[in-house]
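For reference, the structure discussed in these notes is given below.
Every number here is computed from the coordinates shown, using simple stated rules; none is lab data. Just so it is clear, the structure is predicted and the values come from calculations on it, not from any experiment. No Cβ is skipped: glycine too gets one built from the backbone with ideal geometry, and neighbour counts run over all protein chains shown.
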Amino acid sequence: MKPSTSNRLRRSGLSSGPTICLAAGALACALAGEAQAAIVASGPVNIAASTGNISIAGAPQFALTNVDYKSTRSINLVPVSADFAFVGSGSVTTKLGSGENIYSGRSFSNNSSNNVIVSNTSPNNWTGSGDAYIGFKFSPSVGQTRYGWAHIQYTDTDSPTLPSLTLLDYSYEDSGAAITTPVPVAVPTLTQGWMILFGAVLAGVAAVTIQRRRLAT
């Protein structure tokens, strides 16, 4: 007599009930992990400086302003909330790259003006063109501290070319935990992609072959 589907599943070590439960459990764990992350993201905003006041969690926190004074033209970071502070020291805004942690152990400044990010005259650590991150902390209400980052695209060139800066997006961690600036995901080359696909096909064929042998016994 040909074994039933349920018998074949049991012989092969599989059971439809536990399999469904395992899948549901994995989904629940994934959703729980996402809930604990509590990252609040703005999504693309693409606002060119001067930006006006940027609101985070419902309250104005900072602005990016154009300053034109004599022969100096710069774009500055200006806190507009007493609780907002940026990663840096004094009037120096630290340039952050990918994969950097923003947490209580960083050095923060709340200097109210002249926090130059890019300038057409004075060299600084933002020299050139590219994209980078500004780290910050703020307090949406009394007793709370939240950490976040602002992603910017900028140019910083010699006079007379004007510097430029665009706020691309920003995020903060809503639970008060540290936050890390994004790390780019490596995109496989065409050769790597074919190798991954070929490996997946071989693994699938091997799995089917083993399953058929088990069902035949």
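Over the range 62-123, what relative contact order in percent results from Cα pairs under 8 Å that are six or more residues apart?
41 percent
What is the extension gain from Gln144 to Asn66, computed as 0.36 nm multiplied by their sequence separation minus the C-alpha to C-alpha distance, in nm to one decimal?
Residue separation times 0.36 nm, minus the Cα-Cα distance, leaves 25.0 nm.
First check a/c for the range 74-126, with a ≥ b ≥ c the square roots of the eigenvalues of its C-alpha gyration tensor; if it is under 1.5, answer rounded, and if not, answer prolate when a/b is larger than b/c or oblate otherwise.
Taking the square roots of the gyration eigenvalues as a ≥ b ≥ c, the range 74-126 is oblate.
Spin-label point model (7 Å from Cα, Cβ direction): what's the Gln153 to Arg213 distance in nm?
Output for this residue pair reads 5.5 nm.
Could you work out how much longer the chain between Val80 and Ile39 gets when fully extended? Use 0.36 nm per residue separation minus the Cα distance between them, nm to one decimal.
That works out to 12.5 nm of additional length.
If you take the alpha carbon radius of gyration of the range 40-180 and divide it by 2.2 N^0.38 Å, what ratio comes out, to two decimals?
Relative to the rule-of-thumb radius for its length, the range 40-180 sits at 0.99.
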